[in-house]
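Take a look at the structure below.
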Amino acid sequence: MLKRSHYKNRYLPYLLVGPQLLITVFFFFWPAGEALVQAFLISDPFGLQSQFVWFDNFSALFEGSEYINSFIRTLIFSAAVCLLSLLSGLFLAALVNRGAKNLVRSSKLLKSIFILPYAIAPAIAGALWMFLFHPNLGLLANMVSSIIGEKWNPVLDGDHAFFLVILASSWKQVSYNFVFFLGGLQAIPKSLLESAAIDGAGPFRRFFHITLPLLSPTIFFLVVMNLVYAFFDTFGIIHTITEGGPGGATNILVYKVYSDGFVGLDLGSSAVQSVILMALTIGLTIIQFKYVEKKVHYN
Amino acid sequence: MFKIILISTLICLPAWAQEKVTTINWWHAMNGSRNDIVKEMVKRYNDSQNKFKVKASEKGNYTETLNSSIAAFRAKKQPHLVQVFEVGTMTMMQSKVIYPVHQLFKDYKVAVDWSNYLQPVLSYYMTNDNKLLSMPFNSSTPIMYYNKNLLAKAGLKTPPKTWTELEQHTLKLKEAGVKCSLTSSWQSWILIENYSAIHNIPFASQGNGFASLTAKLNVDNEKVVNHIERLHRWAKDGRFSYQGRRGGPALNAFTAGKCALLFESSSGLSSVEKLAKFDWSAAPLPFEEGTKPLNSIIGGATLWVFKGHTKKEYEAVADFLRFLSTKEMQTWWHKKTGYLPITLDAYESLKKDGFYKKYPYQEVAIKQLTRATPNQATSRGIRLGSFTQIRDVINEELEKVWNNNISAKEAMANIVKRGNILLKNFHRRNR
């Protein structure tokens with residue numbers, strides 16, 4: 001636990017967090033509260049009339065199989081994006097970290113290159129991937145076709161499209177993970193690794209027994225951030241690459257909230273979905289902090 | 001202090017001076033080159049008189065434009081006119097925020113001869129008792145484009161009239177080594193909605209939804225299932241090629257000379273004119289051997305008038321709408337965009353000027369649209385709630401067919417099942 005800080009003036013701390021609290025209340029709690037209310041209402045898109053309907057919107061949501069499908073898709077999608085971008089980020093960070101000893105200048109260049117994708121807006125990243133992998137226009141489409149041994153067609157084939165959005169979303173997040181992993185790796189005292197090496201521990205042993213445990217706070221933090229990213233921030237990528245298609249294959253929860261609310265103009269259902277998503281995120285965060293954090297070494 | 005007041009008064013003066021001119025706002029979704037045409041249109045109107053002024057703003061695509069105006073209405077800052085696509089008709093109609101056009105024309109004494117309008121265009125936007133709700137703006141209907149060079153390569157002189165002929169054509173094209181015989185854009189609109197209308201098959205019950213909100217989908221009927229099954233067969237041996245949900249990719253495959261035949265909106269004519277570097281033309285959509293085809297149905301958008309403005313402003317709105325349907329504007333609009341002229345006098349004058357002699361493909365759509373009197377139950381149009389989402393469902397299920405995941409019969413059954421849930425929920429929200 002953090003130690004309690006002491007301020008001379010009792011009100012100063014409240015004043016200092018005030019602006020942030022205001023922002024949180026106006027841009028997070030208020031809309032979230034609105035969504036909670038809207039979930040129990042049926043209203044027309046223009047907001048002229050609304051009617052309280054108890055749990056009708058909830059039961060309507062689970063009437064077809066679409067929502068459950070979307071739910072399962074989202075879980076697989078988030079796990080895949082999280083895993084892929086964490087592993088690639090760690091791999092690149094390890095490379096640059098080792099390189100830092102030998103080729104200082106080139107590693108600076110490498111760092112800049114690896115961080116670059118983070119500066120690209122999701123919609124633009126999506127457009128790039130869409131054009132590169134479009135079955136007819138894409139530069140890389142023919143290459144992929146010859147690797148997988150069948151016609152690469154994310155426009156039509158749900159599995160191809162799903163794979164493509166996972167890849168694009170992970171690529172976008174690798175930079176973020178890279179920066180944190182590199183920082184984490186550089187903070188590990190060299191003396192620890194060196195003494196382990198003298199004791200005869202090989203590179204793999206050193207990595208799994210020293211580096212990884214010491215990195216665990218970073219990993220823990222990144223898992224949370226990556227899951228949140230995969231759940232919410234991948235909207236732009238999906239919107240530009242597949243629009244949730246083909247056949248609903250990439251229709252993850254956050255995209256469904258948008259399409260039901262803004263395209264379908266079914267505000268009640270959209271609100272119900274936001275509430276479920278909200279509950280899911282809250283639950284996930286609680287679990288992570290309560291159980292996973294205990295196994296993390298914070299030094 | 002005095003100086004500040006003086007200056008601010010001077011700044012405000014022009015605004016007071018303009019007070020006499022009534023300004024109305026029009027939000028639309030015509031982007032790219034069409035936005036320039038709209039600007040020109042508005043300029044012509046503003047120059048034609050000095051009482052009213054129209055200010056047009058582009059608000060993104062159709063969905064975005066509708067959402068912007070919904071948000072604006074909630075903030076009590078709605079525009080006077082908004083362009084809404086045909087599938088949003090039910091939403092607008094049910095909304096209680098609109099001023100029906102027939103009422104506006106009556107209240108502001110604009111004399112309109114409705115018999116001068118193309119009936120299949122009007123009927124799509126009328127209430128069940130034939131009152132016009134919104135003003136047709138851009139209307140189009142699907143037609144078949146064909147590449148004359150590729151047809152000649154396969155020894156074919158004329159485009160196919162019927163689906164039986166089309167089958168023969170695609171076989172010959174395939175033998176001649178053409179990789180893609182047929183492709184289509186907007187598959188729900190063209191392959192199912194228009195196919196149903198042309199062959200007098202109800203797409204949904206309750207007169208395609210015009211009569212009541214309790215309508216249910218009817219696309220699992222034998223004729224449509226067989227039709228999709230046939231296309232699936234062609235998709236498997238490469239004669240039919242699916243390029244995606246929207247208009248662009250299919251049109252590009254045609255203009256790049258890859259596909260010999262293309263089903264696409266008549267509004268694609270200007271793009272094909274610009275992009276196709278080969279000999280091409282257009283023909284009506286094919287129909288089944290031994291049937292008498294009805295009119296096809298339209299797509300596009302209309303202009304809706306919002307409630308909550310002053311009398312003076314509505315006078316301006318009524319006058320602007322009158323201006324848009326004059327013969328001069330309609331012929332100009334048709335020539336510039338490829339959208340249909342919506343009045344018969346515009347059509348007649350284009351005929352007289354020899355426009356269709358010079359560009360015969362421009363007349364295909366209007367002829368196909370006027371070849372029959374719309375049947376109230378099948379070919380007057382389709383009016384369903386949540387229609388955008390129903391089209392998405394149709395897209396999803398058809399994609400599963402083209403990808404060999406499910407059969408045509410299963411797909412149509414799924415569409416009916418999923419679509420009816422959407423319809424039921426729309427009804428639940430609009431009781």
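Would you mind stating whether B:LYS352 is without any contact (Cβ under 8 Å) to a residue 40 or more places away in the chain, of a type in the set (Lys, Arg), on the phi < 0 side of the Ramachandran plot and within 14 Å of another protein chain (Cβ to nearest Cβ)? No, not satisfied. Hey, among the residues in region B:228-242 that are within 13 Å of chain A (Cβ to nearest Cβ) and touching a strand residue (DSSP E or B) at 6+ places or on another chain (Cβ under 6 Å), which one's most open to solvent (accessible area, probe 1.4 Å)? Among those that are within 13 Å of chain A (Cβ to nearest Cβ) and touching a strand residue (DSSP E or B) at 6+ places or on another chain (Cβ under 6 Å), it is B:SER241.
Cβ-Cβ distances below 6 Å connect the following pairs, each with a first residue in region A:149-163 that is touching a residue at least 40 places away in the same chain (Cβ under 8 Å), a second residue that is among the polar types (S, T, N, Q), and a separation of six or more residues or different chains: A:LEU156/B:ASN403; A:ASP157/B:ASN403; A:ALA161/A:THR242; A:ALA161/A:THR250; A:PHE162/A:THR250. Any residue that is more than 14 Å from chain B (Cβ to nearest Cβ) and either open to solvent by 40 Å² or more (accessible area, probe 1.4 Å) or assigned to a loop (DSSP other than H, G, I, E, B) (or both) - is there at least one of those in region A:236-251? Within region A:236-251, none of the residues are more than 14 Å from chain B (Cβ to nearest Cβ) and either open to solvent by 40 Å² or more (accessible area, probe 1.4 Å) or assigned to a loop (DSSP other than H, G, I, E, B) (or both).
Please go through region B:243-260 and give me each residue that is over 19 Å from A:GLY138 (Cβ atoms), part of a helix (DSSP H, G or I) and open to solvent by 10 Å² or more (accessible area, probe 1.4 Å), ordered by number. Even if it seems obvious, please write down each step before you answer.
If we filter region B:243-260 for residues that are over 19 Å from A:GLY138 (Cβ atoms), which is where we start, we get B:247, B:254, B:257, B:260.
Imposing the further condition that a residue be part of a helix (DSSP H, G or I) reduces the set to B:254.
Passing the criteria: none in range.
Of all the residues that make up region B:389-405, how many are open to solvent by less than 30 Å² (accessible area, probe 1.4 Å) and within 10 Å of chain A (Cβ to nearest Cβ)? Full working, then the answer.
Of the residues in region B:389-405, the ones open to solvent by less than 30 Å² (accessible area, probe 1.4 Å) are B:389-390, B:393-399, B:401-402.
So of that shortlist, the ones also within 10 Å of chain A (Cβ to nearest Cβ) come out as B:389-390, B:393, B:395-399, B:401-402.
The total comes to 10.
Taking only region A:252-269 into account, find how many residues are charged (D, E, K, R) and facing chain B (nearest Cβ under 8 Å). If you could, list the steps in order and put the result at the bottom.
Narrowing region A:252-269 to residues charged (D, E, K, R): A:256, A:260, A:266.
When the remaining residues are screened for being facing chain B (nearest Cβ under 8 Å), the result is A:260, A:266.
Within region A:252-269, residues that are charged (D, E, K, R) and facing chain B (nearest Cβ under 8 Å) number 2.
Given the criterion in contact (Cβ under 8 Å) with a residue 60 or more places away in the chain, more than 23 Å from B:PRO120 (Cβ to Cβ) and buried (at least 16 other Cβ atoms within 10 Å of the Cβ), identify the matching residue among B:SER181, B:SER185. First the steps, then the outcome.
Details: B:SER185 fails: more than 23 Å from B:PRO120 (Cβ to Cβ).
Step by step, each of B:SER181, B:SER185 is checked, and only B:SER181 is in contact (Cβ under 8 Å) with a residue 60 or more places away in the chain, more than 23 Å from B:PRO120 (Cβ to Cβ) and buried (at least 16 other Cβ atoms within 10 Å of the Cβ).
Per the conditions (1) crowded, with 16+ Cβ neighbours inside 10 Å; (2) within 14 Å of chain A (Cβ to nearest Cβ); (3) closer than 20 Å to A:GLY247 by Cβ, the sole criterion not satisfied by B:VAL225 is (2). Among the residues of region A:204-217, is any under 17 Å from the mean Cα position of the chain (by Cα), surrounded by fewer than 16 Cβ atoms within 10 Å (Cβ to Cβ) and over 30 Å from B:SER68 (Cα atoms)? Scanning region A:204-217, I find no residue that is under 17 Å from the mean Cα position of the chain (by Cα), surrounded by fewer than 16 Cβ atoms within 10 Å (Cβ to Cβ) and over 30 Å from B:SER68 (Cα atoms), so the answer is no.
So that you can scan it fast, the table gives a plain yes or no per residue for (1) part of a loop (DSSP other than H, G, I, E, B); (2) open to solvent by 60 Å² or more (accessible area, probe 1.4 Å):
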residue	(1), (2)
B:TRP26	no, no
B:MET30	yes, no
B:VAL38	no, no
B:MET41	no, no
B:ASN50	yes, yes
B:SER57	no, no
B:GLY60	yes, no
B:GLU64	no, yes
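Residues of region B:84-114 that are of a type in the set (S, T, N, Q), part of a helix (DSSP H, G or I) and either without any contact (Cβ under 8 Å) to a residue 40 or more places away in the chain or surrounded by 21 or more Cβ atoms within 10 Å (Cβ to Cβ) (or both): B:THR89, B:THR91, B:GLN103.
The values are calculated or read from the model by the stated rules, or taken from the named source; none is laboratory data. Since this is a predicted model, take the numbers as computed values, not measurements. With ideal geometry, Cβ positions are generated from the backbone for all residues, glycine too; neighbour counts draw on all protein chains shown. The accessibility values were calculated without ligands, DNA or RNA, using every heavy atom of the protein model including side chains. Shrake-Rupley method; radii C 1.70, N 1.55, O 1.52, S 1.80 Å.
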